[in-house]
Amino acid sequence: MAKKKKQKKKVVLNIGFQGWLFIFASLIMAIVFMASTLLLLVGMLPTIIAALIIQYKYRSKVLTIGALNFAGCFPYLLNIWMSQDRVSAMLDAISNPITIIVMYGAAGIGYVLNDFVTKAVKVMMMQSAKKRLEAIEKEKKNLEDRWGRKVRGDLPLDEKGFPIVDNSVNP
Amino acid sequence: MAEQTTKEIQTEEDNEVENNQPQQSASHDKQIPSEIRFNKNIKIYPYQRLSYLDKGPVKAYSAEGLNRTNNNLFALVCDRRLTPRRIASQKYANMRNLSLVKLVTSGKILWPDPAEEKYCFIYELTISKPLIEPTNKYPAMGRKPEDIIDSVVNPMIDLLTDMANKDLVHGEIWPGNIFYGGGGVGDKVTLGECLCLPASSNLPPLYEPVERALAAPEGKGGGSLSDDIYSFGVTLAVIMRSNTPEKGMTAEEIIQSKIEKGSYTTLLKDDRFSGAILELLRGLLYDDPNQRWTLEDIQAWQDGRRLSPKQSSPRIKAGRPILMEKKKYTRPELLSIDFVNYPVEAAKIIENDDLAQWIDRAIEDKTLKTKLEGVLKEINNLDQGTDFNHRLCVAVGSVLFPEMPVLYKSLRFNPRGFGKYMTYKYLDNGSIQEFTEVLRNYFPSFVIRSQKMHDSSALNSKFDAGRNFIKQTKMNMGLERCLYYFNPECQCLSPIVEKYYPITPEDLVEALEGVCASRLPKDIFDRHIVSFLSSKSKNNIDPYMADITASEPHRNYLGRLRVLATLQRRSRMKPFPSIAKWFLKNIDPLLDRFHDDKKKKLVKKEVERLVYKGDLAKIAELFDSKSIFEEDLGGFYLSMRQYKKLDEEKEKLLQKMEDARTFGRESGAQVASLFGLGIAAIVIVISAYVNFLKDGL
């Protein structure tokens, strides 16, 4: 436990100056672009949840969801940027269920797309691996045919590369 | 004439090349042809036997020379068991004496019955019947000395002189091998040949000094001029005597009589000679080789100088006999000869000191006693093991009768005749266990030392080397090596080339080609072939001996190939497609040394291509380059690494595929995010465009 605490402390410390500067700049930007930030905060909620619950090694799934989620938010974000009153435009968008459905639907499409493509790629990769296995076996057989069983390297060989016959076993 | 003979001898190879397919011929034609070509110029007629010229198992046939001054020839076809005197034939061919049957040529011939190669000597047929029938055991011709001086004595003395000048020992001077007629003028006789059998093997014991007569016919060894002079003396005695005092005696009894009474008395006790011829006979028939007349003495006699016959010093006779197996002996020579028949009793009288006391008290020869003690001390220091009695008998016998041959169990040989004797026994009944015993033990050295031969150290070294060979089990050692080491004139006795008569490494390769042409043998080398090549062509085979004798089949194969290829290249021999075919058939162990199957196929294809050319050297060259194997090994290790990588990749893939739920999920999500980003970008651009259009910008 003590070690873990020490490690955590180290992580905090490792953010460094650039990290703190980035966080600070982000906060400033969020305050400056309050309307966009709030829209994205609400619209990108599925992505935020996905980022929290999906394991680190499957982060590319979050990227897929996030990319499509952002694509769903982008028309409304553009609308806010083009409006005179950005806050009211933001509130209109958030209060409109269609907007929410579009934004969250896009995230859903991202999820489905990720699932479908991942499965398709898995099947393709499994087929490819099987073919590779067959090719390896064929290649091994060719090597054995050409160089003999001893090419497997599981027999003790003499300096000329021939199996050492144990005469004590087969006198 | 002699030059012509030499040329004809040099044509042996042509003849051999023509006749190197005995097995094939045997299968094609079972009938004996009416004539056989020896080479282009000589025909032999197998149906026209000349039995009066036969030499025991060596048969004589009528032959005809084409394009020759004298086309009347005869052929002596040798017995494979009895090694002919090929080395002596070179000296014989250079003889220019009309009193000796003229050698025309010699070499191998394909004999039809049974179909196999044999060695053959061709001579001019200028002779008629021999002086006596060879079967006549107790001959006496009763010719007057004055009748034979010009027809026999003088021509024979000239001939002996010529042979001595050429360093040729004839070894078969006896009336059964002296013929009426011949190249001489008038009634001069002609001496028959002496090459087709081991020296003196066809000479009856009557005509030999005791020490040679005791040896088996095949184990007498080369002999000396002194032995020829003795045989000449007995021949003269037989021609001139009218009585046969030895009639009814066995060979052993004749030997015993020669020891007890001397050769002159044994042969001529019932005949009276006087004057010059008596001097000659006494001089020639001395039993002691040191007292026997030399060629100079004979020539002096021939020139008319009369030499007072030396009194022959009698052999030692004991004052009282010694008993062995209830038999009394007063002569140490006869006692030692009988040792071989009663080894147990002999060992008894040696070990219980009876013999030493007999020598001391009955013979009274201190030197002999000292020698006996020395030999006993020496032999008792050696390994006594089994058959010690037999070895003891040989060692002690060499003291009592120094000139005696080695009499061991059933063997009777002079150390110089060991090789041909062993060859004969090996081919005759295959049992040469006793020869192994002779080689393993040191007792021939006692005989060699006691005989004080001029080449005794060389002979001792030879037996030492033989002992060394017999102890080793390598492929080029053992008894087979001894056969070729002790008998350098021996043909290769390998069962693989049993129908052939290979006398040189080149002959052997040609014989192997013939064998492979008719039927591919299981192996192309055996202990005989390796030993034969090792003896005859040390430089060609010894560098590859480690490979030939290795336990790995591929090294055996390469060793065989390299030896034959070296012989083919160095001797510039003809192509050997059949041998190459054998190598192709048996190439698998060598191909197995390549890791790369593709390489194996390529190499085999290349060998197949070279087989038809019969170029063994080219085939061997394929495997001489180290890089060919190194490249292969490099490729193998590379492939091994590749195999390992594939294994690892497969393992990883399988591991990933094991969890089907997670497999590809990450990649899929990444692809999906790309899709999502793309779609989002499109939506953003379109909505911005629509908004700008609506606001009229």
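The values are calculated or read from the model by the stated rules, or taken from the named source; none is laboratory data. Small disclaimer: the values here were computed from a predicted structure and weren't measured. Positions of Cβ are backbone-derived with ideal geometry, glycine not excepted, and every protein chain shown enters the neighbour counts.
A compact table of results
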{"quantity": "Residues of the stretch A:54-65 that turn out to be part of a helix (DSSP H, G or I) and more than 8 Å from chain B (Cβ to nearest Cβ), as a count", "calculated": "3"}
{"quantity": "Only listed residue being in contact with a Leu (Cβ under 6 Å, 6 or more places away or on another chain), small (Gly, Ala, Ser) and closer than 26 Å to B:Lys694 by Cβ, chosen from A:Ala35, A:Ala67, A:Ala71", "calculated": "A:Ala67"}
{"quantity": "Residue that is farthest from the other protein chains (Cβ to nearest Cβ) [pool: residues in the stretch B:637-673 that are touching a helix residue (DSSP H, G or I) at 6+ places or on another chain (Cβ under 9 Å) and of a type in the set (Ser, Thr, Tyr)]", "calculated": "B:Thr662"}
{"quantity": "Residue that is nearest to B:Ser151 (Cα to Cα), among those in the stretch B:200-255 that are of a type in the set (Ser, Thr, Tyr) and not in a helix (DSSP H, G or I)", "calculated": "B:Ser242"}
{"quantity": "Members of the stretch B:245-286 found to be of a type in the set (A, V, I, L, M) and within 21 Å of B:Leu307 (Cβ to Cβ), listed by number", "calculated": "B:Leu267, B:Leu268, B:Ala276, B:Ile277, B:Leu278, B:Leu280, B:Leu281, B:Leu284, B:Leu285"}
{"quantity": "Residue check, A:Gly105 on the phi < 0 side of the Ramachandran plot, over 16 Å from the mean Cα position of the chain (by Cα), more than 9 Å from chain B (Cβ to nearest Cβ) and small (Gly, Ala, Ser)", "calculated": "yes"}
{"quantity": "Residue match in the stretch B:418-428 (condition: surrounded by 17 or more Cβ atoms within 10 Å (Cβ to Cβ), of a type in the set (S, T, N, Q) and within 30 Å of B:Pro57 (Cα to Cα))", "calculated": "yes"}
{"quantity": "Which numbered condition B:Glu364 fails, given (1) loosely packed, with under 15 Cβ neighbours inside 10 Å; (2) without any contact (Cβ under 8 Å) to a residue 24 or more places away in the chain; (3) among the acidic types (Asp, Glu)", "calculated": "(2)"}
{"quantity": "Qualifying residue in the stretch B:512-522 (condition: within 18 Å of the chain's Cα centre (by Cα) and of a type in the set (S, T, N, Q))", "calculated": "no"}
{"quantity": "Test: residue in the stretch B:398-409 that is surrounded by fewer than 24 Cβ atoms within 10 Å (Cβ to Cβ), over 23 Å from B:Arg212 (Cα atoms) and touching a helix residue (DSSP H, G or I) at 6+ places or on another chain (Cβ under 6 Å)", "calculated": "no"}
{"quantity": "Failed condition for B:Leu584, given (1) assigned to a helix (DSSP H, G or I); (2) within 14 Å of chain A (Cβ to nearest Cβ)", "calculated": "(2)"}
{"quantity": "Of all residues making up the stretch B:35-86, the number that are surrounded by fewer than 23 Cβ atoms within 10 Å (Cβ to Cβ), among the basic types (Lys, Arg) and either modelled with pLDDT of 95 or more or within 25 Å of B:Leu168 (Cα to Cα) (or both)", "calculated": "4"}
{"quantity": "Residues satisfying the stated conditions in the stretch B:587-607, i.e. within 14 Å of chain A (Cβ to nearest Cβ), part of a loop (DSSP other than H, G, I, E, B) and not aromatic (Phe, Trp, Tyr)", "calculated": "B:Asp592, B:Arg593, B:His595, B:Asp596"}
{"quantity": "Looking only at the stretch B:327-354, and only at residues there that are part of a helix (DSSP H, G or I), more than 33 Å from the chain's Cα centre (by Cα) and in contact (Cβ under 8 Å) with a residue 60 or more places away in the chain, the one that is nearest to B:Val399 (Cα to Cα)", "calculated": "B:Pro332"}
{"quantity": "Condition met for B:Thr244 (polar (S, T, N, Q), buried (at least 17 other Cβ atoms within 10 Å of the Cβ) and either in contact (Cβ under 8 Å) with a residue 60 or more places away in the chain or in contact with a helix residue (DSSP H, G or I) (Cβ under 7 Å, 6 or more places away or on another chain) (or both))", "calculated": "yes"}
{"quantity": "Residue within the stretch B:180-199 that is assigned to a strand (DSSP E or B), of a type in the set (A, V, I, L, M, F, W, C) and without any contact (Cβ under 8 Å) to a residue 60 or more places away in the chain present", "calculated": "no"}
{"quantity": "Failed item in (1) β-branched (Val, Ile, Thr); (2) over 28 Å from B:Met657 (Cα atoms); (3) in contact with a Gly (Cβ under 7 Å, 6 or more places away or on another chain), with A:Val121 passing the rest", "calculated": "(2)"}
{"quantity": "Test: residue in the stretch B:181-195 that is among the β-branched types (Val, Ile, Thr) and either crowded, with 19+ Cβ neighbours inside 10 Å or under 28 Å from the mean Cα position of the chain (by Cα) (or both)", "calculated": "yes"}
{"quantity": "Extreme residue, nearest to B:Arg440 (Cα to Cα), among residues of the stretch B:476-489 that are in contact (Cβ under 8 Å) with a residue 60 or more places away in the chain and surrounded by fewer than 21 Cβ atoms within 10 Å (Cβ to Cβ)", "calculated": "B:Tyr485"}
{"quantity": "Test: B:Leu677 is without any contact (Cβ under 8 Å) to a residue 24 or more places away in the chain, within 7 Å of chain A (Cβ to nearest Cβ) and within 30 Å of A:Lys138 (Cα to Cα)", "calculated": "no"}
{"quantity": "B:Ile109 in a strand (DSSP E or B) and not basic (Lys, Arg)", "calculated": "yes"}
{"quantity": "Condition check for A:Ile80: surrounded by 13 or more Cβ atoms within 10 Å (Cβ to Cβ), assigned to a helix (DSSP H, G or I), at pLDDT below 90 and of a type in the set (A, V, I, L, M, F, W, C)", "calculated": "yes"}
{"quantity": "Candidates A:Ala67, A:Ala93 - the one that is over 25 Å from B:Gln670 (Cβ atoms), surrounded by 23 or more Cβ atoms within 10 Å (Cβ to Cβ) and not hydroxyl-bearing (Ser, Thr, Tyr)", "calculated": "A:Ala93"}
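Quick grid of which residues meet (1) at pLDDT 90 or above; (2) more than 8 Å from chain B (Cβ to nearest Cβ); (3) in contact with a strand residue (DSSP E or B) (Cβ under 7 Å, 6 or more places away or on another chain):
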site: A:Met90; (1), (2), (3): no, yes, no
site: A:Phe116; (1), (2), (3): yes, no, no
site: A:Met124; (1), (2), (3): yes, no, no
site: A:Glu134; (1), (2), (3): yes, yes, no
site: A:Lys138; (1), (2), (3): yes, yes, no
site: A:Lys141; (1), (2), (3): yes, yes, no
site: A:Asp154; (1), (2), (3): no, yes, no
site: A:Gly161; (1), (2), (3): no, no, no
site: A:Asp166; (1), (2), (3): no, yes, no
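Results for (1) surrounded by 15 or more Cβ atoms within 10 Å (Cβ to Cβ); (2) over 30 Å from A:Val62 (Cβ atoms); (3) without any contact (Cβ under 8 Å) to a residue 40 or more places away in the chain, shown as yes or no for each residue.
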residue: A:Val102; (1), (2), (3): yes, no, yes
residue: A:Tyr111; (1), (2), (3): yes, no, no
residue: A:Asp115; (1), (2), (3): yes, no, yes
residue: A:Val121; (1), (2), (3): yes, no, yes
residue: A:Asp154; (1), (2), (3): no, yes, yes
